[in-house]
Amino acid sequence: MKKILLVRLSSLGDVVHTFPAVTDIARNVPGAELDWAVDEVFAALPALHPAVSRVIPVALRRGRRNPFNPAAWRALAVLRATLAEAPYDAVLDLQGLFKSAMVARLARGPRHGHAGATAREPLASWLYDHRHPAPRGDHAVAQTRLLAASALGYAVDGPIDYGLRVPPPPAFAPQDRYAVLLHSTSRASKLWNEDNWIALGQRFESEGVRSVLPWGNEVERARAERLAGEIAEAIVAPRMSLTDAAGLLGRANVVVGLDTGLTHLAAATRTPVVGIYCDTSPADLRPIGPGPTASCGDRGAPPSLEDVAAAIIRVAPGLL
């Protein structure tokens, strides 16, 4: 088996959680040529893994925003042609959604995916030629590794290895010690109190550790500027590409982040990470990786400042 297509379109965290399976495939299927179909928004990430031969951007969001957009239809035609260029020895839908299964159907080759009981959308399993169970309750990384191993006929073995080539840090990254505070996430109920972020940044400041505050939209940028206004020497990051974000996170002394994809990306780079959970459970989505990680809080039980500080001391001694 040499030519394999992976389908994992989104979200950022899901894409990151696929990397250990890519490393496993590279180790267990010698000479494998791996293509990866991924949402065009996240196309920069698979290219960071040396075992990925080709990244195939998928522009499904364009059609969702405007189904009559000619550019969306042209992008779909290009995708169909690209996936049909040559047959694959195996097509693995590692996401288990109807849309990802439909992308897998565009490729030529035996299609593998979740069994109906474990697929996120059970209807997706009807579109596969081969269905594989991946027990619910396991961490997303473990589920993905097991599904790939079942499809390709090897046993999951060894510790998690994301295999990422961490890019150089962006030009604005501090030269001295710094912490990245990922204060933003997808919905308001998952946010941590701004006073806590300020107090945490001030504690870092007192130890000579600068705080870097990324953002992704104007609401998040305004929050970053509010926090920076109360934390001396804090840096509000400029708008970053995912490649720049990986470089920033991968060179930090610690990353403290909410339940968001960038927190998982930080864990993939071996950086010490503390995840803060306020409205979701860390049970199967906590930051996990080869470096030191910890999580605080749970659904409906935001952690205190002292909880987070204690976790930082565990994963990155000497910063607080």
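The values are calculated or read from the model by the stated rules, or taken from the named source; none is laboratory data. As the structure is a prediction and not an experimental result, all values here were calculated from the model. Neighbour counts are summed over all protein chains in view; Cβ atoms, including those assigned to glycine, are modelled from backbone coordinates with ideal geometry.
So the values come out like this:
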quantity: Residue check, R203 modelled with pLDDT of 95 or more and more than 14 Å from P170 (Cβ to Cβ); calculated: yes
quantity: Out of D161, D157, sole residue that is of a type in the set (D, E), under 30 Å from A26 (Cα atoms) and crowded, with 16+ Cβ neighbours inside 10 Å; calculated: D161
quantity: Members of segment 164-214 that are in contact with a strand residue (DSSP E or B) (Cβ under 9 Å, 6 or more places away or on another chain), among the basic types (K, R) and either part of a helix (DSSP H, G or I) or exposed (fewer than 13 other Cβ atoms within 10 Å of the Cβ) (or both); calculated: K190
quantity: Identity of the residue in segment 88-116, touching a strand residue (DSSP E or B) at 6+ places or on another chain (Cβ under 9 Å) and farther than 25 Å from E33 by Cβ, that ends up modelled with the lowest pLDDT; calculated: G116
quantity: P282 under 20 Å from the mean Cα position of the chain (by Cα), modelled with pLDDT under 95 and surrounded by 19 or more Cβ atoms within 10 Å (Cβ to Cβ); calculated: yes
quantity: Residue satisfying condition, being crowded, with 24+ Cβ neighbours inside 10 Å and either in contact (Cβ under 8 Å) with a residue 12 or more places away in the chain or in the same structural domain as R210 (by TED's automatic domain parsing) (or both), within set A267, A309; calculated: A267
quantity: Members of segment 122-164 that are of a type in the set (D, E, K, R) and modelled with pLDDT under 95; calculated: R136, D138, D157
quantity: Among the candidates A149, A140, A104, residue that is more than 29 Å from A245 (Cβ to Cβ) and in contact (Cβ under 8 Å) with a residue 24 or more places away in the chain; calculated: A149
quantity: Candidates D157, D138, filtered to the one that is within 25 Å of P282 (Cα to Cα) and not assigned by TED's automatic domain parsing to the domain that holds D93; calculated: D157
quantity: Count - residues of segment 19-55 that are within 16 Å of T82 (Cβ to Cβ), among the aliphatic types (A, V, I, L, M) and in contact with a helix residue (DSSP H, G or I) (Cβ under 6 Å, 6 or more places away or on another chain); calculated: 4
quantity: Lone qualifier among T243, T269, T185, T280 - being touching a Lys or Arg at 6+ places or on another chain (Cβ under 8 Å) and of a type in the set (S, T, Y); calculated: T280
quantity: Output for segment 259-273, where each listed residue is aliphatic (A, V, I, L, M) and closer than 15 Å to V212 by Cβ; calculated: L262, L265, A266, V273
quantity: Only listed residue being within 16 Å of L6 (Cβ to Cβ) and surrounded by fewer than 17 Cβ atoms within 10 Å (Cβ to Cβ), chosen from P110, P122, P133, P70; calculated: P110
quantity: From the options G289, G297, G261, residue that is outside the structural domain of L9 (by TED's automatic domain parsing), closer than 17 Å to R187 by Cα, within 15 Å of the chain's Cα centre (by Cα) and buried (at least 20 other Cβ atoms within 10 Å of the Cβ); calculated: G261
quantity: Odd one out for D244, checked against (1) of a type in the set (D, E, K, R); (2) within 27 Å of A21 (Cα to Cα); (3) part of a loop (DSSP other than H, G, I, E, B); calculated: (3)
